[in-house]
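This report concerns only the one structure given below.
The values are calculated or read from the model by the stated rules, or taken from the named source; none is laboratory data. Fair warning: this is a prediction, and the values are worked out from it, not measured in the lab. Ideal geometry is used to build each Cβ from the backbone, glycine not excepted, and the neighbour counts take in all protein chains shown. For the accessible areas, the whole protein counts, side chains as well, though only heavy atoms, and no ligand, DNA or RNA atoms are used. Shrake-Rupley method; radii C 1.70, N 1.55, O 1.52, S 1.80 Å.
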Amino acid sequence: MSKYYVTTPIYYVNDIPHIGHAYTTIAADILARYHRICGHDVFFLTGTDEHGQKVEEAAAKRGLTPKAHADGMVENFRSLWKKLGISNDAFIRTTDEPHIKTVQALLQSLWEKGEIEKRTWRGWYCTPDERFWTEKDLVEGNCPDCGRPVHEVEEENYFFLMSKYHERLVAHIESHPGFILPESRRNEVLGFLRSQTLGDLCITRPKSRLSWGITVPFDEAFVTYVWFDALVNYFSATGYLAPSLVSTEGFSPLLTMRTPFHETGCGSGRFWPADHHLVGKDILTTHAVYWSTMLMALDMPLPKTLFAHGWWTVDGKKMSKSLGNVVDPGAVAEKFGVDAFRYFLFREVPFGLDGDFSIAAMIGRVNSDLANDLGNLASRALNMIVRYRGGAVPAPVVETEREEHIRQVAEALPARLAESLAAPRFQRALEDVWELVSLGNKYIEDTAPWALAKNPADAGRLDTVLYTTAETLRVLAITLWPFMPGSMQTLWERLGLAGKAGNISAMKNFDEEVKWGRLAPGTKVFKGDALFPRIDMENLNEQAAPKENAPVTTSEPPPEKTPATPPENVITIDEFARVQLKTGKIIEAERVPKSNKLLRLQVDTGEMRQVVAGIAKWYTPEEIVGKTVVIVCNLAPAKLMGVESQGMILAASDAEGNLAVISPEKPIGAGNRVK
Ligand code: ME8
């Protein structure tokens, strides 16, 4: 059985996940699901990057140890992936003991092979990026990558002799056109490698400067550079987390000299090398240059494809905490449906190019493609089978050129999807499938089953039309399942297939399953609610989860209502949706020294945050602890009397000078969205 190994970057635990993290992870999920139903032996890995200065600093800010900080933050990722239907086979944390052992084994092996040297180094260090630069790298004295100030460092460190592999790396990229994708990114990397001399890579940090990292096995005074540690995750996971290898027992990284990687006991030859490393364009260089040369020095095979996708902005602006426009993927999915969100991300923008996220664009897509096109096709087809044939799929009788055409388009899909998803080109794959969606709708219009139903002489023709539309839906449910697993499984069940063929996820032969004619006549279908309810911008506020909305209709949207006189300072629903309100439980409270007004609060909003609130005149620390309140979570952090506040508590005050914090009317847990 052919294997397929796909990875996402491992995300830093210094922050909470946002739409960018969700994007890469859903992309990997689509590929993993697709390969699974093709019958491939899949390993889909994601996880978290937990060492290094940024994490150490984030933990210190919260008054926690780095490990305690990471233990809490990692849950934000795990719970989001669950909510978004991510089917990862494993979740790696770089603080996992077997990962640490693998990093040390590989370092030891490189050291013994003479691939690492100790040197005194003078240069410039960018703390946020955790990267060293030489004088000539700097742009106007700042970090060439992020533009932020750098500071001068002189210290002893260990260097990986990366420069030795310069020519070999260029040759590899040149002779493997699919190694870096898309092609524009490949050309960028090649351009950079051809125009510059590759230096050696500093792969340690003295413990005197940074203690939160993996100890270097041959020199206890140093920890491993976080990028060296992080990149190894792709390999180390194959040794202790890959399917059928999930037990860590028997894991014994051998620190023997010059041992080929497959004999080290760390990592598995079964899944390595990865088929797709999916990354954002921000970290292509570290993958294309550091990781590739590390693997070359270790005599290990290189991954087949590094795919660098584009960057999401929000409402035309870079996402940033200070702008308060960081999109919480969990909240969007809750409001509009997980599958609508998944679909939008991959239909809107070609994978590889930058994209702009806005609620308005998403609603437009959902309404036109999902509610109107696909949802409508499903509801019309199922409706008619229920109405004209009591819910049992009739056997086709007279097939004409029209049916032949639909059959051909449906049967061509496996090959087209295989090609589109190989790169991967998700948008093209969806366009391929949408040809069948559009054709299905046109087919219903052209054959007018409602007219055939009026004439008993057309009964055979009506049977054929109903069978063809139902079979079209069956093919769509399978081909779209990797993108929208929840709603396509629902469609599958409505087609009466769950009992017989089980879940789509259990399929193992995509090409066979998609073959025309597998839907058995007599299968009982049922109609159900709208698969993708239309989202009404005007009523968005009143709408809870989209599932509870009105069913899809084929009618035109209602004419615009004459608006009532607008109040002053009107904001749009989009603007309101940018304010992240959550319930928060106050865990600790104390007065801010030298202030009569301020209390410093530690609040659990799903993650712990410090909030400074001007409520000391109305509440003592003892009174406020234990209360559940409402917190504005995406407010730019600010310092009040020198104490950082990461959010704001909602409170009401009156003309008499009374103040009361706002609390939910019934008990409800911390970290829930207020909307
Ligand atoms: O870089 N648009 O972790 P990270 C699209 N730990 N994708 C985005 C995005 C955006 N605006 N923002 C983030 C790290 N991403 C390292 C990786 S791997 C061995 C170590 C996605 O938490 C995108 O995949 O900063 C990007 O590469 C990744 O998140 C960076 O995540």
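Descriptive notes on the structure:
- Single condition Ala237 does not satisfy, out of (1) in a loop (DSSP other than H, G, I, E, B); (2) hydrophobic (A, V, I, L, M, F, W, C); (3) open to solvent by less than 10 Å² (accessible area, probe 1.4 Å): (1)
- Every residue from the stretch 18-32 that is near the ligand (Cβ under 8 Å from one of its atoms) and not hydroxyl-bearing (Ser, Thr, Tyr): His18, Ile19, Gly20, His21
- Inter-residue pairs, beta-carbon under 7 Å, first free of Cβ contacts under 8 Å to residues at least 60 places away in the same chain and in the stretch 12-24, second more than 6 Å from the ligand (Cβ to nearest atom) and in a helix (DSSP H, G or I), 6+ apart: Tyr12/Lys54; Tyr12/Val55; Asn14/Lys54; Asn14/Val55; Asn14/Ala58
- Filtering Ile30, Ile16 for residues that are outside the structural domain of Val603 (by TED's automatic domain parsing) and in a helix (DSSP H, G or I) leaves a single hit, Ile30.
- Just one residue in the set Met384, Met319, Met362 is surrounded by 17 or more Cβ atoms within 10 Å (Cβ to Cβ), on the phi < 0 side of the Ramachandran plot and not assigned by TED's automatic domain parsing to the domain that holds Thr468; that residue is Met319.
- Count of the stretch 407-421 residues which are under 25 Å from Phe346 (Cα atoms) and surrounded by 15 or more Cβ atoms within 10 Å (Cβ to Cβ): 9
- Of all residues making up the stretch 104-152, the number that are over 16 Å from Asp229 (Cβ atoms) and in contact with a Gly (Cβ under 6 Å, 6 or more places away or on another chain): 1
- Residue under evaluation Ser2, criteria (1) among the hydroxyl-bearing types (Ser, Thr, Tyr); (2) within 13 Å of the ligand (Cβ to nearest atom); (3) at pLDDT below 95, criterion not met: (2)
- Annotation note: of Leu278, Leu306, Leu345, the sole residue that is in contact with a Ser or Thr (Cβ under 6 Å, 6 or more places away or on another chain) and open to solvent by less than 30 Å² (accessible area, probe 1.4 Å) is Leu278.
- Flag for His35 being assigned to a helix (DSSP H, G or I) and within 8 Å of the ligand (Cβ to nearest atom): no
- Count of the stretch 67-89 residues which are open to solvent by 30 Å² or more (accessible area, probe 1.4 Å) and in a helix (DSSP H, G or I): 9
- Subset of the stretch 297-313 that is closer than 30 Å to Leu161 by Cβ and not in a loop (DSSP other than H, G, I, E, B) - its residue that is farthest from the ligand (Cβ to nearest atom): Ala297
- Residue in the stretch 45-52 that is buried (at least 16 other Cβ atoms within 10 Å of the Cβ), within 15 Å of the ligand (Cβ to nearest atom) and of a type in the set (Asp, Glu) present: yes
- Count of the stretch 90-142 residues, restricted to those that are buried (at least 19 other Cβ atoms within 10 Å of the Cβ) and of a type in the set (S, T, N, Q), is 6.
Residue by residue, here is whether (1) over 30 Å from Glu512 (Cα atoms); (2) in a helix (DSSP H, G or I) holds:
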| position | (1), (2) |
| --- | --- |
| Thr25 | no, yes |
| Lys54 | yes, yes |
| Thr95 | yes, no |
| Arg119 | yes, no |
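- Extreme residue, least open to solvent (accessible area, probe 1.4 Å), among residues of the stretch 572-586 that are modelled with pLDDT of 85 or more and over 20 Å from Ala638 (Cβ atoms): Thr583
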